[in-house]
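Peer 1: The structure under discussion is supplied below as structure tokens; questions concerning it will follow.
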């Protein structure tokens, strides 16, 4: 096996960008993402922290632009409050993360909960009753990587 074949068969390197404003939720989102990645054979992970979801697009851009990562998984939570702050943070986090993947071609998973209350958030993380958003974000980047490989093939 030559160097190119070895690199093509190697596990992709993935950046986890985690907003820690809600630390317990962030940990559960990360658990789900890590499990999905591990099950897919991804072992080369680096974790970066952001104070909140609004800051995730910058971390994603720095990771994607570094050339070191095949994919970026963004994780965090925004819970609706009494002001319009929720609307701005959710919209800009989603727009920014989407912009990063479109500009860089590096798949970015959107594992940011945008919910009305803590119970909705707990239902949507690892161990919750609805779905595991961290796992789904990791699975999304894996699907993006597979499509990218397929489209790049001669």
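Rule-based calculations on the coordinates, nothing more; no lab input. Here the structure is a predicted model, which is why all the values come from computation and not from measurement. Cβ sites come from the backbone with ideal geometry, for glycine too, and all protein chains shown count toward neighbours.
Peer 1: Roughly what would the spin-label model give for residue 11 and residue 86, points 7 Å off Cα along C-beta, in nm?
Peer 2: 3.8
Peer 1: Can you give me the distance in nm between label points at residue 152 and residue 49, each placed 7 Å from the Cα along the Cα-to-Cβ direction?
Peer 2: 3.2
Peer 1: Angle check, please: helix 133-152 long axis (alpha carbons) against the longest principal axis of the chain (alpha carbons), in degrees 0 to 90, nearest 10.
Peer 2: Orientation of helix 133-152: about 30 degrees from the principal axis.
Peer 1: Based on the Cβ-Cβ distance from residue 118 to residue 98, what FRET efficiency comes out when R0 is 30 Å, to the nearest 0.05?
Peer 2: E(calc), rounded to 0.05, equals 0.70.
Peer 1: For the chain, what does -39500 (n - 2.57) per DSSP helix run (n ≥ 4), summed and divided by total residues, give at 222 nm, in deg cm²/dmol to the nearest 500?
Peer 2: -16500 deg cm²/dmol
Peer 1: Using label points projected 7 Å from each Cα along Cα→Cβ, tell me how many nm separate residue 79 and residue 58, to one decimal.
Peer 2: 2.5
Peer 1: Order by neighbour count: 139, 49, 30, fewest other Cβ atoms within 10 Å first, most last.
Peer 2: Working: 139 19, 49 12, 30 22.
Lowest to highest Cβ neighbour count: 49, 139, 30.
Peer 1: While we're looking at this one, here's another question. Using mean Cβ contacts within 10 Å as the protection proxy, how do 77-84, 17-24, 54-61, 113-120 order, highest first?
Peer 2: 54-61, 17-24, 113-120, 77-84
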